[in-house]
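Right, one structure below, let's go through it.
The values are calculated or read from the model by the stated rules, or taken from the named source; none is laboratory data. Quantities reported herein were computed from a predicted structural model and do not represent experimental measurements. Here Cβ is always computed from backbone atoms with ideal geometry, including for glycine, and neighbour counts include all displayed protein chains. Note: accessible area is taken over every heavy atom of the protein model, side chains too, but ligands, DNA and RNA are not part of it. Shrake-Rupley method; radii C 1.70, N 1.55, O 1.52, S 1.80 Å.
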Amino acid sequence: TVPAHIRNFCIIAHIDHGKSTLADRMLQLTEVVDPRQMRAQYLDRMDIERERGITIKSQAVRMPWTVREGERTGESVILNMIDTPGHVDFTYEVSRSLAACEGAVLLVDAAQGIEAQTLANLYLAMENELHVIPVLNKIDLPAAQPEKYAEELAHLIGCQPEDCIRVSGKTGLGVPYLLDEIVRQFPAPVGDADAPARAMIFDSVYDIYRGVVTYVRVIDGRIEARDRIKMMSTGAVHELLEIGVISPEMVKAGALSVGEVGYLITGVKDVRQSRVGDTVTINQRPAREALGGYKDPKPMVYSGLYPIDGSDYPALRDALDKLKLNDAALVYEPETSAALGFGFRCGFLGLLHLEIIAERLEREFNLDLISTAPNVVYRVDLEGGASVVVTNPSEYPTGKIHQVHEPTVKATVLTPNDYVGAVMELCQGRRGVLQGMDYLSADRVELRYTLPLAEIIFDFFDQLKSKTKGYASLDYEPSGEQVSDLVKVDILLHGDAVDAFSAIVHKDKAYAYGTTIAAKLQKLIPRQQFEVPIQAAIGNRVIARETIRAIRKDVLAKCYGGDISRKRKLLEKQKEGKKRMKMVGRVEVPQEAFIAALSTS
Ligand code: GDP
Ligand code: MG
């Protein structure tokens, strides 16, 4: 297809504003999906995506469309719809999907109005210089207020309220008109057809039968089925086994040229060899310069994952090896914890990424896991000039520390006017610094904060929701790092540090952390033959203390003589219990105590 007859676009929306439903209607209207095979959320292929109603991996689909009404009636084009992941952890993937498009449909629920993710995605679209069509969705709802929100949307992007297209993804109302407008308003792709080939990878997915499937958008030149391709970030050369387009299943093609979107298969078995953002060129006639914007995925949040049953350790390792094939951002290495045994320290893009991996390990691989409290990555400058990266609090340097850097995020919070005070209080309590505030309308406010990432990954989102009765929304993106007054707090049982509970926290929050964990453990750990002090300490300085009083454990005393079989049962039970005990120094701790203490912190 010549570029003039191609339109590449994405749909950007806050979660639940109807992106998947609208995509379904488009697939139906363009007759790409057979009506008998249509199912809701057709493009959300992973089970977790379907259940949670979120898109984790982006997808692309090619749809032929002939303009039905207006000035270009009868014109036939190829629409490539590129679906973007819908969550903050995947900002980089979103930005690459947007970079593969010329236009973005900005979809807003007509009963909800603009939300934080709408704004964050709009900013990304603007950075990528996309043409934006504002669309109000769900106009079939009785609660829809299209007039009000058209006003808001027009104000935001600088157009007229009449320019906002009104649709219902559910009933299909207005969707053909939207497709016509996509053809009319979005620019056709431009590129140099004679230049050496350059295609940008916007997604790559591991398929057990075919190996890695790489999704690309061709910027310049042409890739043919017989070519040998070269990845520009690594220089690796691969034989092409197949190229094609997705419509909505994979369909082989002879070539992909300027402006086209499709897939490549090379037989590579690991998505790390086909990285999002990288440039693909042809080995015989390579491009000199890669396309801009490539970044290595960088884990932002670390957590220890341990099998509850120690004998599952090899199974956990195999499962991680398998998931890694499909996830270039997942990193892990073996780690041993005195409290939890053998496990892995894993790095994730963010909390949702962590949850998704943990859930897949439990569901797809049948593993029962315990994860330690997540922490961010710290950079510690030592006195004398050396600098260390700390991904695990128990590896925090013990020598003299000059300063500590922690990662920060730029957060966008959208809230009704009434809750501005509550939101500000929450953000300030989390060491946030207000960067700006705008009224989207008389009663809705956008607040922009810089916050430490560490303060967001605990229960920030839940707190925000509960303090605003669910009305506020949040989005954020990484924004570098800052120097902060941070300390490592250790939790000691009878004088021995319990590695799983060490945490790096702000100096002002060390006491609260120490007392909370100490109090929790005091309740969870049974009495021993001797008195056990629980202490929270910064270095040698104890900042909080609880005590578990001694007890003489005489279980048989409870059975007033008599029943011998009952006594035996009791003894056996106690033996069973012992097996699940972990020794921390001289103290016996049931594994459940660690699990309970970690799961609520
Ligand atoms: P996404 O998170 O943006 O992909 O949103 P979904 O497409 O999953 O839609 C979220 C919810 O809104 C689902 O329950 C849909 O059935 C519903 N929904 C989507 N579009 C419409 C619409 O046009 N009208 C109505 N009434 N409901 C809709
Ligand atoms: Mg969706």
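For the reader, a short list of remarks on this structure follows.
- For region 104-259: accessible area per residue (Å², 1.4 Å): 40
- Carbon plus sulfur fraction of accessible area for region 181-283, probe 1.4 Å, in percent: 49
- A full extension of the chain between residue 296 and residue 442 corresponds to an added length of 48.4 nm, given 0.36 nm per residue minus the alpha carbon distance.
- Each Lys or Arg adds one and each Asp or Glu takes one away; over the other residues whose Cβ falls under 15 Å from the Cβ of residue 428, this sums to +2.
- Label zone of residue 170 (point 7 Å out along Cα→Cβ, amide N under 13 Å): in region 1-35 this covers 17-18, 21-22.
- The modelled label-to-label distance for the pair residue 195/residue 433, using points 7 Å beyond Cα in the direction of Cβ, is 3.9 nm.
- FRET efficiency, residue 588 to residue 417 (Cβ-Cβ, R0 60 Å, nearest 0.05): 0.60
- Where chymotrypsin sites (Phe, Trp or Tyr not before Pro) in DSSP loops with at most 13 other Cβ within 10 Å are excluded, longest remaining stretch of the chain: 210-529
- Modelled this way, with points 7 Å down the Cα-to-C-beta line, the labels at residue 225 and residue 249 are 1.8 nm from one another.
- The residues of region 379-483 present an accessible area of 47 Å² per residue when probed at 1.4 Å with all protein chains retained.
- Checked against a 23 Å cut-off, the cross-linked pairs 230/269; 465/488; 400/488; 488/520; 400/582; 324/582 give Cα-Cα distances beyond that limit for 465/488; 400/582; 324/582.
- Taking the accessible area of region 299-424, probe 1.4 Å, and keeping the other protein chains in place, the carbon and sulfur fraction comes to 51%.
- Computed from the Cα positions only, the extents of the chain along the three principal axes stand at 94, 63, 58 Å, in decreasing order.
- Computing FRET efficiency as 1/(1 + (r/R0)^6) for residue 37 and residue 148, where r is the C-beta to C-beta distance and R0 is 35 Å, gives about 0.35.
- Sites residue 333 and residue 359 - FRET efficiency at Förster radius 22 Å, r taken between beta-carbons, to 0.05: 0.55
- Over region 402-549, the ratio between the Cα radius of gyration and 2.2 N^0.38 Å evaluates to 1.30.
- Length gained when the stretch residue 483-residue 542 is fully extended (0.36 nm per residue, less Cα-Cα span): 18.8 nm
- The smallest convex shape that holds all Cα atoms of region 125-168, its convex hull, gives 72 Å³ per residue.
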